[in-house]
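Reading through the structure tokens given below for one structure.
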Amino acid sequence: MKEAYFPQEIEKKWQKKWEEDGVFRTPEDSNKPKYYALSMFPYPSGKLHMGHVRNYTITDVIARFKKAQGYNVLHPMGWDSFGLPAENAAMKHGADPAKWTDENIAYMTKQLKMLGLSYDWDREVTTCKPDYYKWTQWLFLQLYKKGLAYKKEAAVNWCEECGTVLANEQVIDGKCWRCDHVVEKKYLSQWFLKITDYAEILLKDLDKLEGWGDNVKTMQANWIGKSQGAIFKFKVKEIPGLEVPVYTTRPDTVYGITYLVVAPEYKDIEKLTTPENKEAVEAYRANARKMTEIERLSTDRVKTGVPLGTHCINPFNGEEFPLWTADYALVEYGTGAVMAVPTHDTRDFDFAKKYNMPMKVVIQDPENPSDCSTEAYTEPGVLVNSEEFNGMKNEEAKKAITEKAVKEGFGEFKTQYRLRDWLISRQRYWGAPIPVVYCDKCGIQPVPEDQLPVMLPTDVDFSVVGKSPITTSKTFKDTVCPVCGGHAVRETDTMDTFMCSSWYYLRYSDAKNANKPFDRDLVNKWLPVDQYVGGIEHAILHLLYSRFFTKALRDLGLLDFDEPFKNLLTQGMVLKDGSKMSKSKGNTVDPDEIFENYGADTARLFILSDSPPARDFDWSDAGVEGCYKFLNRVWRLISTNAEFIDVNHCEIDPAVKLEKSNDDLVRIVHMAIKGITNDISNDFQFNTVISKYRELTNAIYDWRSAKKELNTEDKNVLSFAITTLIKLMSPVAVHLTEEAWHELGGKGSIHEQAWCEWDENLAKASSITLVVQVNGKVKDKIEVDEALSQDELKATALNSPRIKELTDGKTIVKTIVVPKKLVNIVVK
RNA sequence: GCCCUUGUGGCGGAAUCGGUAGACGCGUUGGACUUAAAAUCCAAUCGGGGCUCAACCUCGGUGCCAGUUCAAGUCUGGCCAAGGGCACCA
């Protein structure tokens, strides 16, 4: 065995060998229990960044650990390869998006292999290939047939920079999630998926996801935004037959209504406007149209509005009040109209103060009544000025008042969600074409399944501005109607790439199936994913869409489970100098350089070492250096002792009594096995796993430096210690341990060896340190035999000279004995 | 404003059940080896006080204030701060 550690040499050698031997292929005919470990697949942007390295290393270690524990592990990789960057590259450099994407995939595949990741490449999935997007299109058609995909004209989010519409989930603070450009509203006819049909179950099933963090679950719950309240219908005094329904979560405040607000885009607003007010209302509406989402939704902005001139009648008490339009009412939520109770709603209060609207208190804290002259009272209380409901607690009144409205026919209970339907049309080229045609006679027609895939045309001009390149194809648009055979035109919009990524994890179970997206038995066998690992940025987007897809496909009878990801680990960001690595900040670290200078094992070890996976990780050059030194230290330990070690003869007979120092080392090894196994099993605490590698290594060094000559027992113990260290480190330092395994006479690959077992009796020190406290403060530590009874421990503690001295002349009030650990003597 | 997460040395962080706070590492300081450097190895490293020094002793210390307990980083209540999510959603 070479004395010096040359990672570059051994890493290449083993990567090649593993590939030739198919070490990481997942057999279908195994009788072992299955385990599905999955990283969120990357967009092939060109090169791996450290976030990828962290993500994939975490999942890889999990996959290897589970495999060693006896599972048949599925650990696949693929490419989320449709999307705008490829198209932008085409526009800028004239490259073909398909070629650009292929080249990036080739380069990044090489990098993934250099990292030593244990993927089954036979199951690779690439979303931009026809053999994949055929099935994305097919799934769209199934959703369409089920009524879950529909086309409608709506106000949609438009990003001018990207030249396409966006889903609500892709608008972050009023800006495009990809390019940060401010999003505008446009009225367009677009394809939507009816995710709102699943709002309740998507919310409710979050409770089932015990293996997900609360942060992600809460983000999804907030996004779905369930609220319970009532709809009340208000007759319009001036227009018989016309009603304005409002949604409220505060039915208890109906006797306090003093005006009513409709959104500027409210459907009946023109009818509700009197001729005298028409000019002012039109001007107000025009102004509202011009505003961006950011301006419109800013809570700091002073509220504005104009009266419509008409009036509504409160069905509860016959009171009349004016109708206004104001842009703090949103047309997309509830009914687009709001009943205003300035005394008990802060927004209504602000508005009423500005326009001198009347106010009427209807809820009061009986102990400390407020007249609501300076601010709205929004706390619980008791009803006043509310006729037969006076004196009722407001929580009870919500129900009672709604019941009255239901009985008298002007209201109903209503559950409302903030979630909107998912807009999936994109006016871009590099995506899966939406498989529908528009016939002059028959209208919208789905493309028959036997005509899939609808292939992306290649005769397109990427230099066009203001429209999708796909529309420049001469071969794509014109087609025949599948029903009447007459002229029809194809849909030129493509699907949101999040459609492609909403089902890729299912495809891995049956990646090469040419007849269907996946076999039902195979998908039921492998799914749900046992451990999903990825960035928190997908807390809503990808993870919500995938949950929706799984539920919809379950309802379509394509699979039998209803949640795709049993356990979710959201890894923290990789930082450098305290801020996120980014090209613009110039603080990126190129994985290639790390591989070249230190090797992949150092990169893997370091990226797992300093922080628990869920927390942010601060990259430091000194830290990499430290890990490299540690691997060198391990290598030296092995190479300088290689002559004494035999991995095939390293069993220690527990019946044979070992010499003290040997017994101690064997115990340390067992403790390491136990500690490391538990740390990986409990939330993947790789940082403490690595601490334990170091502790074990240090312990073997200490043991070795205390021995001059090694006898047979010593050699056996050393073989046991080193073999165990190599096995324990094998999921992380995948190349170094494989090399050592072979150099020490191991057969096969170390990555096919079973995980180490520990002996509970040996996984603890032979004696224990008894901590003796007086009044809760540590005063003495005594080495004792662990077999001592509680009474003996107490006696030992009281006999200690130091304790005798401290308790002398004092009364012992109480003595607490914690078995094998501690005695606390309480004195007065 | 509402919700979630997190607060421990100079730094990253550790501490199954409430039971020795600071594992392991980074950094720093000192030393060994070397002509020198690198590499490697050894040692020290929370703060205040006591003792001429040291060993040692003692007090304080896990964001803040209370509480429960023989015992609190850990449990309870109330605050504060940072990060993230949602937000004129009626």
Are there trypsin sites (Lys or Arg not before Pro) in the range A:471-500 that DSSP puts in a loop and that have at most 10 other Cβ atoms within 10 Å, and which ones? A:Lys474
If you scale each eigenvalue of the Cα gyration tensor by 5 and take the root, what three semi-axes come out for the range A:591-752, rounded to whole angstrom and sorted largest first? 28, 17, 14
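So what is the calculated 222 nm ellipticity per residue for chain A, using -39500 (n - 2.57) for each DSSP H run with n of 4 or more, over all residues, to the nearest 500 deg cm²/dmol?
Details: 25 runs with 297 residues, N = 828.
Value at 222 nm, helices only: -11000 deg cm²/dmol.
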Using alpha carbons only, how many degrees (0 to 90, rounded to 10) separate the axis of helix A:712-729 from the longest principal axis of chain A? 10 degrees
If you count, for each residue, the other Cβ atoms within 10 Å and average over each peptide, how do A:597-606, A:447-456 line up from highest to lowest? A:597-606, A:447-456
Rounded tilt (10° steps) of A:660-681 against the dominant C-alpha axis of chain A: 10 degrees
In the full protein assembly as shown, how much of A:Glu270 is accessible to a 1.4 Å probe, in Å² to the nearest 10? 120 Å²
With a 1.4 angstrom probe the carbon and sulfur portion of accessible area for the range A:717-828, in percent, totals 50 percent
Can you find, among A:Leu658, A:Thr494, A:Trp758, the residue sitting farthest towards the positive end of the charge dipole of chain A, where Lys and Arg contribute +1 and Asp and Glu -1 at Cβ? A:Thr494
Would you please classify the overall shape of chain A from the alpha carbon gyration tensor, given that a ≥ b ≥ c denote the square roots of the eigenvalues, rounded means a/c under 1.5, and beyond that prolate means a/b larger than b/c while oblate covers the rest? oblate
Unsatisfied cross-links (Cα-Cα over 30 Å) in the set A:Lys99/A:Lys516; A:Lys67/A:Lys566; A:Lys17/A:Lys657; A:Lys353/A:Lys393: A:Lys17/A:Lys657
On Cα atoms only, tilt of A:621-641 relative to the major axis of chain A in degrees: 30 degrees
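Averaged per residue, what accessible area in Å² does chain A show with a 1.4 Å probe, protein chains only? Mind showing how you got there, number by number?
On the way: 36900 Å² over 828 residues.
That works out to 45 Å² per residue.
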Whenever you get a sec, compute what percent of the accessible area on the range A:119-235 sits on carbon and sulfur atoms (1.4 Å probe). 48 percent
Projected area averaged over orientations for the range A:284-386, convex hull of C-alpha atoms, nm²: 7.6 nm²
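The values are calculated or read from the model by the stated rules, or taken from the named source; none is laboratory data. Keep in mind that this is a model prediction, so the values were computed, not measured. Positions of Cβ are generated from backbone atoms using ideal geometry, with glycine treated the same way; all protein chains shown enter the neighbour counts. Just the protein is used for accessible areas: all its heavy atoms, side chains included, with ligands, DNA and RNA removed. Shrake-Rupley method; radii C 1.70, N 1.55, O 1.52, S 1.80 Å.
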